[in-house]
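Encoded as structure tokens, the structure appears first; notes follow it.
The values are calculated or read from the model by the stated rules, or taken from the named source; none is laboratory data. None of these values were measured; they are calculated from a predicted model. Cβ placement follows ideal geometry from the backbone for every residue including glycine, while neighbour counts extend to all protein chains displayed.
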Amino acid sequence: MRWDVIVAFDEGDDRPAFKGCTHDISVAGASILTDTNIYTTSLVTVLLAIPPLNSGQGRTIVEIRGRMRYTVHSSAHCRFRIGFHFESFTGDGRATLETSLSRRAMVRGLETAS
């Protein structure tokens with residue numbers, strides 16, 4: 001699933017926010033593709049834009065605090081792949097992500113069974 005993300009650094013870190021997309025995702029963490037090699041040991045904010053399952057609905061934004069675990073250049077994608085471990089979610093973000101992932105797994109299961 002290629003969901004849009006923004007990685008935002010805390011105010012003390014003078015770096016701008018970076019855009020990217022998910023390469024792989026679970027409720028525990030994600031692999032994100034970006035055009036820029038970014039890395040920090042500090043907590044960052046990940047804004048995850050979950051697309052709707054049905055047309056006519058808007059995207060759901062989930063705010064997550066997490067830490068980068070690695071950054072590598074992916075020659076297959078011609079981008080940098082950054083591994084994140086999710087540490088905390090704002091509001092009901094964890095439940096929203098779990099629900100979105102399980103619904104998409106169900107839809108994929110139905111599609112492959114057809």
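Are any residues in segment 16-49 over 19 Å from HIS85 (Cβ atoms) and either of a type in the set (Ser, Thr, Tyr) or in contact (Cβ under 8 Å) with a residue 12 or more places away in the chain (or both), and if so, which ones?
LYS19, ASP35, THR36, ALA49
Name the residues in segment 39-73 that are small (Gly, Ala, Ser) and over 12 Å from the mean Cα position of the chain (by Cα), would you? Result: SER42, SER55, GLY56, GLY58. For segment 64-97, the set of residues classified as out of contact with any strand residue (DSSP E or B) (no Cβ under 6 Å at 6 or more places or on another chain), modelled with pLDDT of 95 or more and not aliphatic (A, V, I, L, M) consists of GLY91, ASP92, ARG94, listed by residue number. Taking every residue in segment 65-92 that is closer than 16 Å to LYS19 by Cβ and pairing it with any residue that is surrounded by fewer than 12 Cβ atoms within 10 Å (Cβ to Cβ) and among the hydrophobic types (A, V, I, L, M, F, W, C), at least 6 positions away or on another chain, the pairs with Cβ-Cβ distances below 6 Å are ARG81/VAL72.
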